[in-house]
Amino acid sequence: MGRADPEEGHLPAPVKPPDGGWGWIVLLGCFVITGFSYAFPKAVSVYFKELMKDFHVGYSDTAWISSIMLAMLYGTGPVCSIMVNQFGCRPVMLIGGLLASSGMILASFTTNIIELYLTAGVLTGLGMALNFQPSLIMLGTYFDKRRPLANGLAAAGSPVFLSSLSPLGQVLLEKFGWRGGFLIMGGLLLNCCTCGAVMRPLDMGMKRKMEKAQDKYEAKEMLPIGGKSEEGISTTDGTKKAKKAKKKPKKGKKLLDFSIFSNRGFIIYTISKFILVLGLFVPPILLVNYAKDTGVPDTEAAFLLSIIGFIDIFARPACGMVAGLKWVRPHVAYLFSFAMLFNGLTDICSARASNYTGLVIFCVFFGISYGMVGALQFEVLMAIVGSQKFSSAIGLVLLIEAFAVLIGPPSAGRLVDALKNYEVIFYLAGSEVVLSALFLAMATYCCLNRGKKKEPPLEKNLSAGGGSDTEEAESDVQEAEEHSSDNHQPAHNTDNTVVAASEEANHVAEEQSGEGGGCPEGDGEVLARDGCNADQTVERDSF
């Protein structure tokens with residue numbers, strides 16, 4: 001028909017996110033996945049003392065279990081992107097849930113620390129990575145207008161699960177030992193498979209509706225014209241068979257889209273995020289030991305992390321709601337910069353806290369700023385690259401962050417051992433976070449805002465040139481009807497009328513061909529009412 005067909009290698013019309021409906025179930029699944037991904041590596045630390053006794057190793061040896069989990073979560077980002085682009089989110093998440101669960105179950109039968117690294121570290125970490133990234137991709141697919149709020153609610157899963165899994169792990173350790181605790185925790189990770197099962201692809205139902213609409217409009221286009229009208233009429237089944245027969249091989253889809261590096265916004269975001277991660281995780285890691293060195297009792301020192309987690313639970317959804325406001329969302333990158341600046345200044349101002357009250361105040365402000373950063377980090381990335389390239393973008397960003405995670409906290413620990421001074425570490429970590437905030441704000445203002453004035457908005461481009469096939473077919477049918485009404489031809493709007501008109505036209509054509517004549521010259525005005533004019537020949541040739 002001379003029109004772009006989605007099945008012939010052309011891109012289909014983008015599916016509009018529903019911003020609700022089944023998306024709330026997807027949000028719940030993303031909430032659970034985020035909680036397991038970020039909280040599980042920290043909750044496992046409850047078992048470290050028992051592991052040290054059974055395997056006769058030091059604390060640094062057992063700490064590598066959590067480090068390997070986090071390294072797999074961040075470092076396997078490109079692998080997750082490739083698998084999502086190749087197989088889709090749901091199959092990848094189901095496989096990831098099985099891997100995460102099997103890793104903890106196998107870890108309960110290990111006999112040395114190396115086996116723990118391979119099972120609880122590598123296998124479980126890989127499984128959680130295969131769940132975390134696809135869940136964020138599905139969240140961006142189902143939400144658009146409410147996406148900031150959805151990201152904030154999903155990010156709240158991290159502090160909620162951290163405050164739940166750690167006490168649960170302590171109870172399991174006391175009743176069943178670390179082996180029984182690992183076994184039960186492995187069973188809990190099977191819930192990741194349930195979360196993966198609800199990640200229904202959004203374009204499945206929409207694609208079926210588009211195909212039905214396309215067939216309907218194509219049937220309307222094939223109006224009976226002249227003696228050969230029966231050749232242009234086909235049923236819906238016939239149209240589908242013809243499509244399948246003429247179907248061309250699809251072009252291979254990119255497994256990892258490196259073209260996002262041509263996006264200046266993505267480059268700015270990546271550099272800023274790398275600098276941020278260098279210092280973001282240092283204060284909460286060193287906070288408990290810092291409090292103990294200032295004379296705070298052990299129980300009160302551990303409670304400081306609970307304060308951060310409790311504030312974080314409410315800060316993330318609240319920040320998501322603020323980011324979703326109409327006058328804030330276009331400037332969400334600056335809000336993210338403010339959150340990082342707030343966090344960095346909190347670290348710097350708390351460096352000289354010498355009593356428990358000062359540390360509690362630090363934890364309150366750190367929890368607010370940390371929650372804001374957690375709620376906005378992926379929302380800003382989605383706004384920069386869009387949902388179509390988000391699967392590749394997040395994989396590459398997580399890979400780059402993996403290097404920062406391996407550099408920042410270990411370097412801070414070595415500086416503490418060398419200087420025996422936590423104040424310098426807090427100054428350094430805060431300065432890195434402030435630097436990332438200033439870089440993101442200044443680069444966004446200087447580089448991106450000027451480019452936006454020259455380039456037309458993406459939504460206008462899509463609306464101007466991204467019309468679907470059904471819309472084109474509908475407009476063509478309307479033009480044909482208007483044209484036919486100008487030439488005194490009756491309009492055919494229903495399928496029954498089309499079929500009846502085609503039979504009548506065929507009957508007239510057979511009678512005229514039997515008499516050996518076509519349309520006599522000079523009687524065009526009269527014969528036009530009988531359905532035989534030059535316009536019909538032109539329309540038939542155009543088909």
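General observations
- Converting phi to 3J(HN,Hα) with the Karplus coefficients 6.51, -1.76 and 1.60 and the offset θ = phi - 60°, the range 386-392 yields x, 6, 5, 9, 5, 4, 6 Hz in sequence order, with x at every glycine or proline.
- Cut-off 20 Å, label 7 Å out along Cα→Cβ of ARG200, residues of the range 27-62 by amide N: 27-33
- Taking θ as phi - 60° and the Karplus parameters 6.51, -1.76 and 1.60, the scalar couplings of the range 36-49 work out to 5, 5, 8, 8, 4, x, 7, 5, 5, 5, 4, 8, 5, 5 Hz in sequence order, x denoting glycine and proline.
- Summarising the label geometry, the points placed 7 Å from Cα in the beta-carbon direction at ARG264 and GLN86 lie 3.6 nm from one another.
- Protection proxy ranking of 258-269, 401-412, 363-374 - average other beta-carbon atoms within 10 Å, highest first: 363-374, 401-412, 258-269
- By accessible area with a 1.4 Å probe, ligands and nucleic acids excluded, highest first: order of SER337, SER163: SER163, SER337
- Selection from TYR117, MET104, LEU165 lying farthest towards where the dipole of the range 16-204 points positive, charges on Cβ: LEU165
- Against the criterion of solvent-accessible heavy-atom surface with a 1.4 angstrom probe, ASP257, ASP417, ASP54 sort, most first, into ASP417, ASP54, ASP257.
- Cα shape, the range 259-451, gyration tensor, a/c 1.5 rule: prolate
- Spacing of the two label points (7 Å from each Cα toward its C-beta) at GLN388 and LEU256, in nm: 2.2 nm
- Cα gyration tensor, the range 319-380 - rounded (a/c under 1.5), prolate or oblate: prolate
- Length available on full extension from SER431 to LYS49: 0.36 nm per residue minus the Cα-Cα distance, which gives 134.1 nm.
- Heavy-atom accessible surface of the range 16-204: percent carbon and sulfur, 1.4 Å: 69 percent
- Projected label distance in nm at PHE338 and VAL424, using a 7 Å step from Cα toward the beta-carbon: 3.6 nm
- For LYS53, the solvent-accessible surface computed with a 1.4 Å probe is close to 130 Å², ligands and nucleic acids excluded.
- Accessible area of ASP312 in the full protein assembly, 1.4 Å probe (Å², nearest 10): 10 Å²
- Placing a label point 7 Å from the Cα of LYS145 along the Cα-to-Cβ direction, the residues of the range 300-329 with a backbone N closer than 12 Å are 326.
- Difference of contour (0.36 nm per residue) and Cα-Cα distance, LEU190 to PHE303: 37.7 nm
- ³J(HN,Hα), Karplus 6.51/-1.76/1.60, whole Hz, each residue of the range 311-323, x for Gly, Pro: 5, 4, 4, 8, 5, 5, x, 4, 5, x, 5, 5, 5
- Extension gain from VAL57 to LYS292, taking 0.36 nm per residue of separation minus the Cα-Cα distance: 82.2 nm
- Solvent exposure, largest accessible area first (probe 1.4 Å, DNA, RNA and ligands not counted), of TYR422, TYR74: TYR422, TYR74
- The overall shape of the range 77-168 is oblate: from the C-alpha gyration tensor, with semi-axes ordered a ≥ b ≥ c, the ratio a/c is 1.5 or greater and a/b is no larger than b/c.
- Per-residue SASA remark: ILE348, around 50 Å² accessible (1.4 Å probe; ligands, DNA and RNA not included).
The values are calculated or read from the model by the stated rules, or taken from the named source; none is laboratory data. Worth saying up front: this structure is predicted, and the values here are computed from it rather than measured. Here Cβ is always computed from backbone atoms with ideal geometry, including for glycine, and neighbour counts include all displayed protein chains. Accessible surface is based on the protein model in full, side chains and every heavy atom, while ligands, DNA and RNA are left aside. Shrake-Rupley method; radii C 1.70, N 1.55, O 1.52, S 1.80 Å.
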